[in-house]
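Take a look at the structure set out below.
The values are calculated or read from the model by the stated rules, or taken from the named source; none is laboratory data. Please read these numbers as outputs of a predicted model, since none were measured by experiment. Ideal geometry is used to build each Cβ from the backbone, glycine not excepted, and the neighbour counts take in all protein chains shown.
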Amino acid sequence: MATPILLHPNDWSGVTLRLSEALLIGGLIGWTRQVAGKAAGLRTHMLVTVTTALLVLIPVQLNVSQPEGSISYVIQGISTGVGFLGAGMILRQSDQEAQRSSVKGLTSASEIWVSAALGACAGCGLWILSLVGAVLVLMILTIIKHLERLIPVRLKEEI
(Lines give C-alpha, C1' and ligand atoms only; values in the text may rest on other atoms or scores of the structure.)
Protein backbone atom coordinates (compact mmCIF):
# COMPACT_ATOMS: atom_id res chain seq x y z
CA MET A 1 0.00 0.00 0.00
CA ALA A 2 1.45 3.36 -1.04
CA THR A 3 1.81 6.16 1.45
CA PRO A 4 1.27 9.80 0.44
CA ILE A 5 5.04 10.29 0.20
CA LEU A 6 5.81 7.51 -2.27
CA LEU A 7 5.42 7.93 -6.02
CA HIS A 8 6.35 5.69 -8.88
CA PRO A 9 9.37 7.27 -10.62
CA ASN A 10 7.35 7.60 -13.84
CA ASP A 11 4.25 9.11 -12.18
CA TRP A 12 4.65 12.52 -13.80
CA SER A 13 1.02 13.46 -13.21
CA GLY A 14 1.55 12.97 -9.46
CA VAL A 15 4.75 15.01 -9.57
CA THR A 16 3.03 17.76 -11.57
CA LEU A 17 0.13 17.85 -9.13
CA ARG A 18 2.45 18.17 -6.12
CA LEU A 19 4.50 20.92 -7.74
CA SER A 20 1.35 22.74 -8.84
CA GLU A 21 0.00 22.67 -5.30
CA ALA A 22 3.28 24.10 -4.02
CA LEU A 23 3.12 26.80 -6.70
CA LEU A 24 -0.47 27.68 -5.81
CA ILE A 25 0.22 27.87 -2.07
CA GLY A 26 3.33 30.00 -2.61
CA GLY A 27 1.34 32.23 -4.94
CA LEU A 28 -1.46 32.76 -2.43
CA ILE A 29 0.91 33.67 0.38
CA GLY A 30 3.12 35.75 -1.90
CA TRP A 31 0.12 37.62 -3.31
CA THR A 32 -0.84 38.91 0.15
CA ARG A 33 2.72 40.14 0.68
CA GLN A 34 2.96 41.65 -2.81
CA VAL A 35 -0.25 43.62 -2.27
CA ALA A 36 1.12 44.83 1.07
CA GLY A 37 4.27 46.09 -0.68
CA LYS A 38 6.67 43.76 1.12
CA ALA A 39 10.06 42.81 -0.30
CA ALA A 40 9.38 39.07 -0.28
CA GLY A 41 6.34 38.90 -2.51
CA LEU A 42 4.70 36.73 -5.12
CA ARG A 43 7.73 35.39 -6.98
CA THR A 44 9.81 34.85 -3.86
CA HIS A 45 7.19 32.74 -2.10
CA MET A 46 6.39 30.78 -5.26
CA LEU A 47 10.08 30.02 -5.74
CA VAL A 48 10.51 28.94 -2.12
CA THR A 49 7.54 26.56 -2.14
CA VAL A 50 8.33 25.04 -5.54
CA THR A 51 12.04 24.67 -4.76
CA THR A 52 11.26 22.95 -1.48
CA ALA A 53 8.79 20.61 -3.17
CA LEU A 54 11.38 19.81 -5.85
CA LEU A 55 14.07 19.06 -3.27
CA VAL A 56 11.70 16.78 -1.37
CA LEU A 57 10.74 14.98 -4.59
CA ILE A 58 14.35 14.17 -5.53
CA PRO A 59 14.75 11.18 -3.18
CA VAL A 60 11.25 9.99 -4.13
CA GLN A 61 12.10 10.10 -7.85
CA LEU A 62 15.48 8.45 -7.32
CA ASN A 63 13.50 5.55 -5.87
CA VAL A 64 15.98 4.95 -3.06
CA SER A 65 15.33 1.98 -0.81
CA GLN A 66 14.03 4.09 2.08
CA PRO A 67 12.85 7.44 0.67
CA GLU A 68 11.20 8.46 3.95
CA GLY A 69 14.60 8.66 5.68
CA SER A 70 16.14 10.52 2.76
CA ILE A 71 13.24 12.96 2.71
CA SER A 72 13.72 13.58 6.42
CA TYR A 73 17.33 14.61 5.83
CA VAL A 74 16.33 16.82 2.91
CA ILE A 75 13.67 18.57 5.01
CA GLN A 76 16.18 19.13 7.82
CA GLY A 77 18.62 20.71 5.37
CA ILE A 78 15.91 22.88 3.84
CA SER A 79 14.78 24.05 7.26
CA THR A 80 18.30 25.11 8.16
CA GLY A 81 19.00 26.75 4.81
CA VAL A 82 15.74 28.66 4.76
CA GLY A 83 16.43 29.77 8.33
CA PHE A 84 19.60 31.45 7.07
CA LEU A 85 17.69 33.01 4.18
CA GLY A 86 15.13 34.38 6.63
CA ALA A 87 17.85 35.68 8.93
CA GLY A 88 19.16 37.73 6.04
CA MET A 89 15.77 39.42 5.74
CA ILE A 90 15.74 40.65 9.33
CA LEU A 91 17.04 44.18 9.79
CA ARG A 92 17.74 46.11 12.93
CA GLN A 93 17.03 49.79 12.54
CA SER A 94 17.86 52.39 15.12
CA ASP A 95 16.19 55.73 15.58
CA GLN A 96 18.89 57.94 17.05
CA GLU A 97 16.50 60.79 17.88
CA ALA A 98 14.13 58.55 19.81
CA GLN A 99 17.07 56.57 21.25
CA ARG A 100 15.51 53.22 20.44
CA SER A 101 15.95 50.47 17.91
CA SER A 102 13.45 48.28 16.14
CA VAL A 103 13.61 45.00 14.31
CA LYS A 104 12.06 44.76 10.85
CA GLY A 105 11.44 41.75 8.66
CA LEU A 106 10.45 39.15 11.26
CA THR A 107 7.12 38.44 9.59
CA SER A 108 8.75 38.18 6.15
CA ALA A 109 11.38 35.80 7.51
CA SER A 110 8.70 33.69 9.18
CA GLU A 111 6.68 33.59 5.96
CA ILE A 112 9.63 32.31 4.00
CA TRP A 113 10.11 29.57 6.57
CA VAL A 114 6.45 28.54 6.60
CA SER A 115 6.35 28.68 2.79
CA ALA A 116 9.20 26.18 2.72
CA ALA A 117 7.35 23.93 5.17
CA LEU A 118 4.18 24.09 3.07
CA GLY A 119 6.21 23.31 -0.05
CA ALA A 120 7.66 20.27 1.71
CA CYS A 121 4.14 19.12 2.62
CA ALA A 122 3.03 19.50 -0.99
CA GLY A 123 6.11 17.68 -2.25
CA CYS A 124 5.39 14.78 0.11
CA GLY A 125 1.80 14.59 -1.09
CA LEU A 126 0.35 15.70 2.23
CA TRP A 127 -2.46 17.66 0.57
CA ILE A 128 -4.66 18.29 3.59
CA LEU A 129 -1.77 19.37 5.80
CA SER A 130 -0.45 21.82 3.22
CA LEU A 131 -3.87 23.28 2.43
CA VAL A 132 -4.90 23.67 6.09
CA GLY A 133 -1.49 25.20 6.81
CA ALA A 134 -1.89 27.64 3.92
CA VAL A 135 -5.36 28.68 5.12
CA LEU A 136 -4.00 29.30 8.63
CA VAL A 137 -1.09 31.35 7.26
CA LEU A 138 -3.45 33.43 5.13
CA MET A 139 -5.66 34.02 8.17
CA ILE A 140 -2.64 35.19 10.16
CA LEU A 141 -1.54 37.53 7.38
CA THR A 142 -4.97 39.07 6.86
CA ILE A 143 -7.25 38.76 9.89
CA ILE A 144 -4.66 38.80 12.67
CA LYS A 145 -2.93 41.77 11.03
CA HIS A 146 -6.08 43.83 11.55
CA LEU A 147 -6.48 42.60 15.13
CA GLU A 148 -2.90 43.66 15.92
CA ARG A 149 -3.88 47.26 15.28
CA LEU A 150 -6.12 47.08 18.34
CA ILE A 151 -3.15 46.33 20.62
CA PRO A 152 -1.84 49.47 22.32
CA VAL A 153 1.53 50.61 20.96
CA ARG A 154 3.17 50.42 24.38
CA LEU A 155 2.22 46.76 24.71
CA LYS A 156 3.69 46.00 21.28
CA GLU A 157 7.02 47.55 22.30
CA GLU A 158 7.15 45.51 25.51
CA ILE A 159 6.56 42.28 23.63
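What number of residues within the range 31-90 are aliphatic (A, V, I, L, M) and more than 27 Å from Val103 (Cα to Cα)?
13
Among the residues of the range 24-54, write down those that are charged (D, E, K, R) and part of a helix (DSSP H, G or I).
The answer is Arg33, Arg43.
So is Gly81 at pLDDT 80 or above, of a type outside the set (Phe, Trp, Tyr) and more than 20 Å from Arg33 (Cα to Cα) or not?
For Gly81, the condition - at pLDDT 80 or above, of a type outside the set (Phe, Trp, Tyr) and more than 20 Å from Arg33 (Cα to Cα) - is met.
Within the set of pairs 6 or more residues apart or between chains, which connect a residue that is under 17 Å from Leu106 (Cα atoms) inside the range 144-158 to a residue that is charged (D, E, K, R) and modelled with pLDDT of 75 or more with Cβ atoms less than 8 Å apart?
Pairs found: Lys156/Glu148.
Please list, ordered by first then second residue, the pairs with beta carbon atoms under 9 Å, 6 or more apart or interchain, first in the range 27-38 and more than 15 Å from Trp113 (Cβ to Cβ) and touching a residue at least 24 places away in the same chain (Cβ under 8 Å), second basic (Lys, Arg) and surrounded by 16 or more Cβ atoms within 10 Å (Cβ to Cβ).
Pairs that qualify, where the first residue is more than 15 Å from Trp113 (Cβ to Cβ) and touching a residue at least 24 places away in the same chain (Cβ under 8 Å) and the partner is basic (Lys, Arg) and surrounded by 16 or more Cβ atoms within 10 Å (Cβ to Cβ), are Thr32/Lys38.
Show the residue pairs that are 6+ apart or on different chains and have beta-carbon atoms under 8 Å apart, the first residue being within the range 93-113 and surrounded by 11 or more Cβ atoms within 10 Å (Cβ to Cβ), the second being of a type in the set (Val, Ile, Thr) and at pLDDT below 85.
Lys104/Ile90; Gly105/Ile90; Leu106/Ile90; Ala109/Ile90
In the range 40-63, which residue that is over 22 Å from Trp127 (Cβ atoms) and in contact with a Gly (Cβ under 8 Å, 6 or more places away or on another chain) is surrounded by the fewest Cβ atoms within 10 Å (Cβ to Cβ)?
Arg43
Can you find, within the range 64-78, the residue that is modelled with the lowest pLDDT among those that are buried (at least 17 other Cβ atoms within 10 Å of the Cβ) and closer than 22 Å to Asp11 by Cβ?
For the range 64-78, the residue satisfying everything is Pro67.
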